[in-house]
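Notes follow once the structure below has been shown.
The values are calculated or read from the model by the stated rules, or taken from the named source; none is laboratory data. Since we're looking at a predicted model, the values are computed, not measured. Here the Cβ is made from the backbone with ideal geometry for all residues, glycine too, and neighbour counts use every protein chain on show.
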Amino acid sequence: MVFLNKRELYDGFSDLGAKAKKMIEEIELIKAEMTKVIEKNAELEIENQHLRTHLKELEEQKHFDEQGGLSKSRKNLEMLYEEGFHVCNVDNMYGTRRINDEPCVFCQDVIYGERRQ
């Protein structure tokens, strides 16, 4: 582009400045949208990881159930029982200490008894 006089040169710079300003505004809009996309992607990756972890836990639970193992909640009850506490609710005994750590058939039934589906 060849400029013939100073006025055309000035107008050319003005037009170029306006175009640059418009381009910067468009870049900022694209940048804002890209930020939203990146944030959403991070959220989805985290949610995906949580779902995979949960699915793995469910699969492990199913495997333990099929093998006759204890569920996570029953393992927690077993741990409390082994520490000397009642886990049955007979006569409101749940959470009380077992006398001399004597076995309790009701607690054992809660932990190891048949599971109803």
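Pairing residues of segment 79-103 that are closer than 16 Å to residue 113 by Cα and in contact (Cβ under 8 Å) with a residue 60 or more places away in the chain with residues that are surrounded by 12 or more Cβ atoms within 10 Å (Cβ to Cβ) and among the small types (Gly, Ala, Ser), at Cβ distances under 9 Å and at least 6 apart in sequence or on separate chains, gives no pairs at all. Among the residues making up segment 49-102, those that are modelled with pLDDT of 90 or more and outside the structural domain of residue 114 (by TED's automatic domain parsing) are 49, 50, 51, 52, 53, 54, 55. Is it the case, given these coordinates, that residue 37 is out of contact with any Gly (no Cβ under 7 Å at 6 or more places or on another chain), aliphatic (A, V, I, L, M), at pLDDT 90 or above and not in a helix (DSSP H, G or I)? Judged against the criteria, residue 37 is not a match.
Assigned to a helix (DSSP H, G or I), in contact (Cβ under 8 Å) with a residue 12 or more places away in the chain and on the phi < 0 side of the Ramachandran plot: is that true of residue 44 in this structure? For residue 44, the condition - assigned to a helix (DSSP H, G or I), in contact (Cβ under 8 Å) with a residue 12 or more places away in the chain and on the phi < 0 side of the Ramachandran plot - is not met.
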